[in-house]
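The values are calculated or read from the model by the stated rules, or taken from the named source; none is laboratory data. Values in this document were obtained by computation on a predicted structure and should not be read as measured data. For neighbour counting, all protein chains shown are included, and Cβ atoms are generated from backbone atoms with ideal geometry for every residue, glycine included. SASA here: full protein model, heavy atoms, side chains in, ligands and nucleic acids out. Shrake-Rupley method; radii C 1.70, N 1.55, O 1.52, S 1.80 Å.
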Amino acid sequence: MHIAIVVLLISLNILCYSQSITPNLSARSAALGNNHVLLKEVFSITSSSAALSNLEHTQVGAGYEINPQWQGANKLIACLASPIKKGVGQFSVLRFGDANYSESIATLGYGHSINQSAIGFSTSIIQYRADGFGNKHAINFNFSGAHQFGENIRVGAYMQNILKKEINEAFREKQPTRMAIGVMWQAAKTVSLYGELLKDLDYATQVRLGVEYKANEKFFIRSGLQPKPGLSSGGFGFIYKNITVDTAIQYFWNNNHFRQLTTLSYSIHKK
């Protein structure tokens with residue numbers, strides 16, 4: 001699709017439903033069919049701050065999403081998570097788009113664990129920019145939680161834009177309110193199964209399924225499925241010393257569209 005048509009449609013759509021993108025950008029999540037509620041990685045701040053509540057070392061991360069068939073629809077993220085006196089502080093910046101249309105999201109979060117449970121809070125400042133339409137800003141608040149049942153099952157949930165904040169009350173421009181619940185089952189020593197239900201208040205519930213195989217302590221293979229809107233995914237990750245690299249490819253059934261994601265994170269271990 002020509003970029004001019006895409007920009008026009010997005011610019012018109014923003015009048016009713018602002019924030020056309022989901023804030024999550026994680027290659028591991030993408031490979032697992034977009035499951036992300038329970039992933040313990042630095043990129044979790046964009047969706048579930050609670051997942052980072054047990055982080056022991058400072059981590060920094062960066063990622064890039066490429067949409068070859070939609071020029072100007074790529075995403076870039078940079079994030080940081082660090083243990084503090086009580087809990088884990090988190091920060092991320094995500095950008096989507098090009099000079100014609102873009103969305104930028106800065107998120108500040110906090111996660112804290114108590115025994116087998118964890119809670120997380122975050123707030124995001126969002127800037128929408130469309131050429132000829134100027135800039136719009138919005139703020140939202142997010143909540144997340146998780147609980148470990150025994151050694152093999154973990155359940156979590158999050159809600160984004162819990163106050164249902166609008167960008168412009170006069171024109172009823174609104175941000176999406178999303179809720180998700182996920183479960184992770186350690187089916188075997190080397191196999192983890194993920195399932196998630198995501199509900200956007202304006203759209204039908206999405207089902208997300210994923211499986212992760214741990215080939216060894218340094219290499220992981222992943223696959224995922226999302227029946228609606230129709231998505232298959234796969235990827236792998238490897239660890240080298242303090243560096244983790246993940247990559248994923250997603251295929252959309254309805255329009256034969258591919259996108260590729262790569263993320264890199266570094267764990268800072270103090271001597």
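Data for the structure
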item	result
Förster radius 35 Å - calculated FRET efficiency between Phe141 and Ser102 (Cβ-Cβ, nearest 0.05)	0.95
Additional length obtainable on full extension of the chain from Phe219 to Phe238, 0.36 nm per residue less Cα span	6.4 nm
Solvent accessible area, Å² - Trp253, 1.4 Å probe, full protein context	110 Å²
Pairs from Lys164/Lys228; Lys85/Lys241; Lys75/Lys189; Lys85/Lys214 whose Cα-Cα separation, in the structure shown, is over 28 Å	Lys75/Lys189; Lys85/Lys214
Net lengthening on full extension, Lys228/Thr190 (0.36 nm per residue, minus Cα-Cα)	10.9 nm
Peptide ranges 60-66, 83-89, 244-250 listed from the most packed, as the mean C-beta count within 10 angstrom indicates	244-250, 60-66, 83-89
Potential lengthening between Lys270 and Phe252 on full extension [0.36 nm per residue; Cα-Cα distance subtracted]	2.2 nm
Helix axis angle, 3-13 relative to the chain longest principal axis, alpha carbon, degrees	90 degrees
Per-residue ³J(HN,Hα) for the range 191-199, Karplus 6.51 cos²θ - 1.76 cosθ + 1.60, θ = phi - 60°, Hz, x for Gly and Pro	10, 10, 10, 10, x, 8, 10, 10, 10
Rough spin-label spacing in nm, given labels placed 7 Å along Cα→Cβ, for Thr262 and Ile125	3.2 nm
Cα gyration tensor shape of the chain, rounded if a/c is under 1.5, else prolate or oblate by comparing a/b with b/c	prolate
Hz values of 3J(HN,Hα) by residue in the range 246-263 - Karplus curve (6.51, -1.76, 1.60), Gly and Pro given as x	10, 9, 8, 10, 10, 10, 9, 5, 5, 10, 6, 9, 10, 9, 10, 10, 9, 10
Residue-by-residue Karplus 3J(HN,Hα) for the range 150-159, coefficients 6.51, -1.76, 1.60, Hz, glycine and proline x	x, 9, 10, 10, 9, 10, x, 7, 8, 9
Convex hull per residue volume in Å³, alpha carbons only, for the range 176-234	87 Å³
